[in-house]
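The next block holds one structure in the form of structure tokens; read it before the comments.
The values are calculated or read from the model by the stated rules, or taken from the named source; none is laboratory data. Every value quoted in this text rests on a predicted model; they were computed, and no experiment measured them. Cβ coordinates were reconstructed from backbone atoms using ideal geometry, including for glycine residues, and neighbour counts include every protein chain displayed.
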């Protein structure tokens, strides 16, 4: 693990290298951006570099510190992550209790709190004093995809580093090189994940993602042709993949988004499902108002499931609505 393995975020990486070179390391950083952009990987690489015995702009990957870091047993690294969507107050209390312990092997102790917005208010307030007056050898990195859930006084104590989606071309190149994806597959994944390198890697590692996508598109095509039986015959598929409902609904949403684009401008680089242009063309008889209504139903279904509405009922209602709108 080193900065050369980071996909995208070149400016952030360069700024960190300059900070290391000049010795201008902040006591507390806040890495802010959407989920799965690579914030945690950058944080770990930065931490590894700061702990490296060679004290260079990259971790050497050879010293005792780097080897321990690679094996997740470095005594001067503390990584805190939520358990079941919560960072417990006891974990923060223990962190604060031990904050004045000097580094064991390196010149610093690095604390990374992933999904820091999962701390409750009392935990954030408890951490605040440490952020105001940290020991000189402590560096804290908070990672968040929802800074609105962090109290303003924490934000004011941190140097905020904003992460943005990775450029499509870089994701495509990475997926083709690392995961041997075809141009069509890499293009689809890059568009579908909207610049999220973490999600792109997850989908590239999935053995059945494209098979699942094809089955969903086949179901949609049958329903639009008026096959009511398909709605109920396919419900087992949706129940089987219930844990991936957000991914499933996004596949459906992108399909109708593409259908709308095809209706308005024809074969376009804006279309995500470019390998399915012939099928999109066959469905171009749908009018824009109907497509808009279907898209609204999909988004409403996602909201309903998030609110714990019965999953099977919500999916059946959405699929029936595709024929009725």
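Does residue 120 fit the bill of being in the same structural domain as residue 8 (by TED's automatic domain parsing), surrounded by fewer than 21 Cβ atoms within 10 Å (Cβ to Cβ), under 24 Å from residue 69 (Cβ atoms) and in contact with a helix residue (DSSP H, G or I) (Cβ under 7 Å, 6 or more places away or on another chain)? Against the criterion (in the same structural domain as residue 8 (by TED's automatic domain parsing), surrounded by fewer than 21 Cβ atoms within 10 Å (Cβ to Cβ), under 24 Å from residue 69 (Cβ atoms) and in contact with a helix residue (DSSP H, G or I) (Cβ under 7 Å, 6 or more places away or on another chain)), residue 120 does not qualify.
All told, residue 205 meets the bar of being under 30 Å from residue 36 (Cβ atoms) and within 19 Å of the chain's Cα centre (by Cα). Does the range 247-256 contain at least one residue that is more than 19 Å from residue 320 (Cα to Cα), buried (at least 18 other Cβ atoms within 10 Å of the Cβ) and within 27 Å of the chain's Cα centre (by Cα)? Yes, the range 247-256 contains a residue that is more than 19 Å from residue 320 (Cα to Cα), buried (at least 18 other Cβ atoms within 10 Å of the Cβ) and within 27 Å of the chain's Cα centre (by Cα).
The residue that is modelled with the lowest pLDDT, among those in the range 218-253 that are outside any helix (DSSP H, G or I) and touching a helix residue (DSSP H, G or I) at 6+ places or on another chain (Cβ under 7 Å), is 226.
Per the listing 231, 223, 235, 217, the residue uniquely touching a residue at least 40 places away in the same chain (Cβ under 8 Å) and over 25 Å from residue 289 (Cα atoms) is 235. Of everything in the range 162-193, what is surrounded by fewer than 19 Cβ atoms within 10 Å (Cβ to Cβ), outside any helix (DSSP H, G or I) and free of Cβ contacts under 8 Å to residues at least 60 places away in the same chain? Give them in sequence order. Matches in the range 162-193: 179, 180, 182. Take the conditions (1) surrounded by fewer than 14 Cβ atoms within 10 Å (Cβ to Cβ); (2) part of a helix (DSSP H, G or I); (3) touching a strand residue (DSSP E or B) at 6+ places or on another chain (Cβ under 8 Å); residue 130 misses just one of them, which is (1).
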